[in-house]
Protein chains: 2
Amino acid sequence: MNIEEIGEFGLIERLTKDFAPQNKTTIKGVGDDCAVMDFGEKQVVATTDMLLEGVHFDLTYVPLKHLGYKSAMVNISDVCAMNAKPTQMLVSLGVSSRFGVEQLEEFYAGLYLACEKAGVDVVGGDTCASLNGLSISITCMGEVEKGKAVLRNGAKPNDLICVTGDLGAAYMGLQLLEREKKVFESQKDPDFQPDFAGKEYIIERQLKPEACIDTVKFLKEKNVVPTAMMDVSDGLSSELMHICKESGVGCRVYENKIPIDYVTASMAEEFNMNLTTVALNGGEDYELLFTVPLSEYDKVKGLEGIHVIGHVTDASEGARLVTRDGAEIELKAQGWKAF
Amino acid sequence: MNIEEIGEFGLIERLTKDFAPQNKTTIKGVGDDCAVMDFGEKQVVATTDMLLEGVHFDLTYVPLKHLGYKSAMVNISDVCAMNAKPTQMLVSLGVSSRFGVEQLEEFYAGLYLACEKAGVDVVGGDTCASLNGLSISITCMGEVEKGKAVLRNGAKPNDLICVTGDLGAAYMGLQLLEREKKVFESQKDPDFQPDFAGKEYIIERQLKPEACIDTVKFLKEKNVVPTAMMDVSDGLSSELMHICKESGVGCRVYENKIPIDYVTASMAEEFNMNLTTVALNGGEDYELLFTVPLSEYDKVKGLEGIHVIGHVTDASEGARLVTRDGAEIELKAQGWKAF
């Protein structure tokens, strides 16, 4: 059977469904941003991500230092999405012969920068030869007080749906980089340089994303524990549907509440793309999507950059987007296609 | 600078030397079989390994089920090498389009078999597309009582040097598989099948290694905590030198005490290879190498398959092999070349 037929999530379900955890230290296994373990006073979360050259990144326009930074941040983001504090990281690199020591130092410089910002220790890893380009695998661990880890499965009808920052920018940044790469390749002038003036924001969102470390701190200070949370890596639509499925609920999200930066909007127009589709399905935003009881609204509204984009409903009402003109359309998890 | 010039360990040292752990939960970072964290009642260890097609394995002669088994076991072995009980695993796969769902199920069947044997829960991972073959990255975690994690740095002069099982078999198994692959490729008869009769042991040692889970249990039962321990993955010689360097000691190892199976010996003869070189540098044995105070000898000698191969000396005496004819030669860490 072709993997494309069942997709990434279908494949994971098929490969993991018959294997039940045996250890009492395992609190939550496959199926969330992180696994959750309980080794004593605090709970431990762990996540891992594989990034392969040519699939997840293109070194034509991704500087190695940025790649190191992003590789670390996307894992740190998964830890934040559990309401946990990131603490340790393991870094594995498969490196082909075209990379020298200085280039790996560039990668690590970016990685360390992200780790320092997040307070994460690099505690181990593996470095090996690769036949084809650069392979990166990172595992990030974090700690969270017992009972405070937030999974995807606790959203209740009438909860508010919140998202941080803005959406779709990283995706438009990628479109711009890909376009300029094509222009560059077709140029005869070897000194041609793409002009990103005024577009720095979306380029940075793509090349140097930031995990929502401060959001987790803020929630802790305000003593708010979301009922469900995940990071927006595959696209808002896909993540909303994960929360609905895991929590056994539906949702109403309002198109006019979805936060979008004006550079994202103008680029979508330039590319003749539907802006809402970009914001719903773009992915790689690494913002936090979470649900809180209505009663917590007064506490969360003080969080900078927080947006209430809708509310949780009964499962029978489905997962729907309320458009600007009041129509309701079914959300589709177009998301990011891993295969 | 070319990575080959400084080697894998030189590269790791260069990339990690300026980054000191900040979290009080980080007990031991880069530089042992596993990192060690302290999250409460128990300590947690974590290790990660990357395995790339064409570099670490050849699917011409490695069945996917065996590959899954081995991928899990080599990480479980690193956890055992910390004197810890393996508990959780994260599994990342990068998969090219030539793999179907059934093949990944084969891989997972082997992986689960190893995990069940070791009592390990698969709690997460990442599955993504790859342009070139199969990329595997596994992270294994384990738990150990506080103060019982065994690093490489505690060996003391006069400690006994012990190794489990036998050495060099996995390497000779690899030589045999590689030879038969060449014969197979040069055959005109499409039905040609290599004949491994009588060689099953070394083939199995290569394709389906076992971590020393029972050794760790035995040591716990006998209340023996080794002063230093690691698993033999790169070769005995390389591992001995790691322990000597980390512990600031020297060693004397006796050629005639190094355990070697007779199939390994006969294959080495067939290949016209020096048997001691094979046993010292072969790698992939996944046996445990550890040091214990002389006073613990009576306890450890009851362990099945245990061999005392030498003793720890003062650093000034160097790391030496005492040959069968009584000569002393300097150990060289030929080991496994990652680059």
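The values are calculated or read from the model by the stated rules, or taken from the named source; none is laboratory data. These figures come from a predicted structure and were not determined experimentally. All Cβ positions, even for glycine, are placed from backbone atoms using ideal geometry, and neighbour counts span all protein chains on display. For accessibility, only protein heavy atoms count, side chains too; no ligands or nucleic acids. Shrake-Rupley method; radii C 1.70, N 1.55, O 1.52, S 1.80 Å.
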Name, by its number, the condition in (1) open to solvent by 10 Å² or more (accessible area, probe 1.4 Å); (2) modelled with pLDDT of 95 or more; (3) within 11 Å of chain B (Cβ to nearest Cβ) that does not hold for residue A:41. (2)
With (1) part of a loop (DSSP other than H, G, I, E, B); (2) buried (at least 18 other Cβ atoms within 10 Å of the Cβ); (3) more than 10 Å from chain A (Cβ to nearest Cβ) as the list, and residue B:32 as the residue in question, which single condition is left unmet? (3)
Here, strands (runs of 3 or more DSSP E) confined to region B:99-197 with at least 2 residues that are out of contact with any Cys (no Cβ under 8 Å at 6 or more places or on another chain) and open to solvent by 10 Å² or more (accessible area, probe 1.4 Å) are B:121-129, B:135-145
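Does residue A:256 meet the test of being in a loop (DSSP other than H, G, I, E, B) and either open to solvent by 20 Å² or more (accessible area, probe 1.4 Å) or of a type in the set (S, T, N, Q) (or both)? Reasoning before the result, please.
Details: in a loop (DSSP other than H, G, I, E, B): no; either open to solvent by 20 Å² or more (accessible area, probe 1.4 Å) or of a type in the set (S, T, N, Q) (or both): yes.
It is false that residue A:256 is in a loop (DSSP other than H, G, I, E, B) and either open to solvent by 20 Å² or more (accessible area, probe 1.4 Å) or of a type in the set (S, T, N, Q) (or both).
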Output the number of the condition that residue A:159 fails; it satisfies all remaining conditions of (1) within 10 Å of chain B (Cβ to nearest Cβ); (2) at pLDDT 95 or above. (1)
Of (1) in a helix (DSSP H, G or I); (2) in contact with a helix residue (DSSP H, G or I) (Cβ under 7 Å, 6 or more places away or on another chain), residue B:78 satisfies all except one. Which? (2)
Quick one: in region B:80-98, of everything that is more than 12 Å from chain A (Cβ to nearest Cβ) and open to solvent by less than 10 Å² (accessible area, probe 1.4 Å), which residue is farthest from residue B:236 (Cα to Cα)? B:80
Could you tell me which numbered condition residue B:32 fails, if it satisfies all but one of (1) out of contact with any helix residue (DSSP H, G or I) (no Cβ under 7 Å at 6 or more places or on another chain); (2) within 26 Å of residue A:52 (Cα to Cα)? (2)
Is region B:57-77 home to any residue that is more than 23 Å from residue B:205 (Cβ to Cβ), out of contact with any Gly (no Cβ under 6 Å at 6 or more places or on another chain) and more than 8 Å from chain A (Cβ to nearest Cβ)? no
Residue A:27 passes all but one of (1) in contact with an Asp or Glu (Cβ under 9 Å, 6 or more places away or on another chain); (2) in a strand (DSSP E or B); (3) open to solvent by less than 10 Å² (accessible area, probe 1.4 Å); which number fails? (3)
Scan region B:172-188 and report the pairs whose first residue is more than 18 Å from residue B:63 (Cβ to Cβ) and whose second residue is of a type outside the set (Lys, Arg) and in a helix (DSSP H, G or I), with Cβ atoms within less than 8 Å and a gap of 6+ or a chain change. B:172/B:202; B:172/B:263; B:172/B:264; B:172/B:267; B:172/B:268; B:172/B:278; B:175/B:267
Tell me, which residue of region A:6-24 that is within 8 Å of another protein chain (Cβ to nearest Cβ) and over 29 Å from residue A:144 (Cα atoms) is most open to solvent (accessible area, probe 1.4 Å)? A:14
